[in-house]
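The values are calculated or read from the model by the stated rules, or taken from the named source; none is laboratory data. Quick caveat, the model's predicted, so the values are computed rather than measured. Because the Cβ atoms are built from the backbone with ideal geometry, glycine has one as well, and the counts that use them run over all protein chains shown.
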């Protein structure tokens, strides 16, 4: 993971290395073999799950539905979609990124709704 720093990975939503410890969103994460451990839960690491976590551009059809479900759980528990601005306001991280749109679409699909993405994603966050 550290070897990929500076390469075309996901620097907005992916893993961050802070003083030798990994973080995803605002949560510390551990890596044990291929598994990701976060918020007292172990996620069995598969190539599809790791692709979802670390890559900025995702390959179509690579991640399974199970990988996507695990990924949604990880980003929800780690609060990876959001950041706090200098006024202390919670806002969506990288609001114009394709990865954010992908994650919001996955959330909508999991909830059984049609895909709807407003033009202003920060307005969605406020709702």
Quiz item: What number goes with the only condition from (1) out of contact with any strand residue (DSSP E or B) (no Cβ under 7 Å at 6 or more places or on another chain); (2) outside any loop (DSSP other than H, G, I, E, B) that residue 83 does not pass?
Solution: (1)
Self-check item: Exclusive hit being modelled with pLDDT of 85 or more, within 16 Å of residue 9 (Cα to Cα), surrounded by 15 or more Cβ atoms within 10 Å (Cβ to Cβ) and touching a strand residue (DSSP E or B) at 6+ places or on another chain (Cβ under 8 Å), set 74, 54
Solution: 54
Practice problem: Kindly check whether there is at least one residue in segment 79-87 that is at pLDDT below 85 and farther than 19 Å from residue 12 by Cα. | Solution: no
Quiz item: Mind checking which pairs have a first residue in segment 78-103 that is free of Cβ contacts under 8 Å to residues at least 24 places away in the same chain and a second that is surrounded by 15 or more Cβ atoms within 10 Å (Cβ to Cβ) and assigned to a loop (DSSP other than H, G, I, E, B), Cβ under 8 Å, 6 or more apart or different chains?
Solution: 83/93
